[in-house]
Amino acid sequence: MSTHTISDTAEPRVLVVHHDHASPAGPVADRFASLGWTVADHLVVPAESFHAPGVTTAFPDFTGFDAVVVLGSPWSAYDHALIGSWVRPEIEQLRKADAAGVPVLGICFGGQLLAAAHGGSVTRSATPEIGWAEVDSDDESLVPAGPWFQWHYDRWHLPPGATELARNPAASQAFVLRRNLALQFHPEVTAASLAGWLDNGGAAEAAGRGIDVQDLVTRTTLLGADAGRRAFSLVDGFLRHL
């Protein structure tokens, strides 16, 4: 693996991959911007294709950036019959970034893609999580402990050589592999982004699982500011360690 270095003379650039139109990068992108990074966005599935997400997309070359952030998705990493048209090329981009030493931060689905790209696997979880949950961390300088917001039905199985950094009773919650950091939880979530998820089918999903949607909104409003500060610390740790 070659070692990608960030230029001292040019403004560093981070690519944020959005898989759907309702998932902004929130405080994660805000922290990169506040540190002087140029944030470039790539949307995979536009709003008009949300219910038929098997689109094709021309991914930017991940190796042309100083870091990459891969966000969550309402679809499953292993559902190649539905989204294979773009998830296979994205996995290949992640492998190329790894080979070039480009740091990658994968969030929820993005973390699962990192596992799949590097020899692990992703399966349906016996204990899906929706809402705020505690997360235990082995290294809070890199991954601060929870509570963190969760919304996932799948979980990863660690790729060879990965070091698990965080967990809870439901799932592995973070791992590091070379310059890749995978998170199962959502540090980017805000009250506004949660509203977008709820408006795009999430409210019915949560209610169908017996979750009080109004309580979910209330807790996100109450916990969001502190979680945003920890999201800043997480980005700082990602840049410092990886």
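The values are calculated or read from the model by the stated rules, or taken from the named source; none is laboratory data. Since we're looking at a predicted model, the values are computed, not measured. Reconstructed Cβ throughout: ideal geometry from the backbone, glycine too, with neighbour counts over all protein chains shown.
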Q) Which condition number in (1) in a helix (DSSP H, G or I); (2) surrounded by fewer than 20 Cβ atoms within 10 Å (Cβ to Cβ); (3) in contact with a strand residue (DSSP E or B) (Cβ under 7 Å, 6 or more places away or on another chain); (4) not acidic (Asp, Glu) is the one that ALA192 fails? A) (3)
Q: Kindly indicate whether any position in the range 118-128 is part of a helix (DSSP H, G or I), under 20 Å from THR63 (Cβ atoms) and either at pLDDT below 95 or touching a strand residue (DSSP E or B) at 6+ places or on another chain (Cβ under 9 Å) (or both).
A: no
Q. From the list GLN93, GLN173, which residue is more than 30 Å from VAL217 (Cα to Cα), surrounded by 19 or more Cβ atoms within 10 Å (Cβ to Cβ) and without any contact (Cβ under 8 Å) to a residue 40 or more places away in the chain?
A. GLN93
(Q) Scan the range 20-43 and tell me whether some residue there is within 23 Å of GLN184 (Cβ to Cβ), of a type in the set (D, E, K, R) and assigned to a helix (DSSP H, G or I). (A) yes
Q | Failed item, numbered, when VAL69 is tested on (1) part of a strand (DSSP E or B); (2) more than 19 Å from LEU242 (Cα to Cα) | A | (2)
Q) Which condition number in (1) under 24 Å from LEU222 (Cα atoms); (2) aliphatic (A, V, I, L, M); (3) touching a helix residue (DSSP H, G or I) at 6+ places or on another chain (Cβ under 7 Å) is the one that ALA117 fails? A) (1)
Q.
I need a count of the residues in the range 25-60 that are out of contact with any His (no Cβ under 9 Å at 6 or more places or on another chain), under 15 Å from TRP86 (Cβ atoms) and of a type outside the set (Gly, Ala, Ser).
A. 2
Q: Could you grab the pairs with beta carbons closer than 6 Å, sequence gap of 6+ or different chains, first residue in the range 39-51 and under 17 Å from GLY110 (Cα atoms) and of a type in the set (Asp, Glu), second one modelled with pLDDT of 95 or more and part of a strand (DSSP E or B)?
A: ASP41/VAL16
(Q) Looking only at the range 57-78, how many residues end up being under 20 Å from ALA47 (Cβ atoms), touching a helix residue (DSSP H, G or I) at 6+ places or on another chain (Cβ under 8 Å) and of a type outside the set (S, T, N, Q)? (A) 6
Q) Can you tell me how many residues in the range 129-160 are touching a residue at least 24 places away in the same chain (Cβ under 8 Å) and assigned to a loop (DSSP other than H, G, I, E, B)? A) 13
(Q) Suppose we filter VAL55, VAL17, VAL39, VAL45 for residues that are of a type in the set (Val, Ile, Thr), within 19 Å of LEU194 (Cα to Cα) and more than 15 Å from the chain's Cα centre (by Cα); which single one remains? (A) VAL45
Q) Within the group ARG209, ARG178, which residue is over 19 Å from PHE109 (Cβ atoms) and either in contact (Cβ under 8 Å) with a residue 60 or more places away in the chain or buried (at least 20 other Cβ atoms within 10 Å of the Cβ) (or both)? A) ARG178
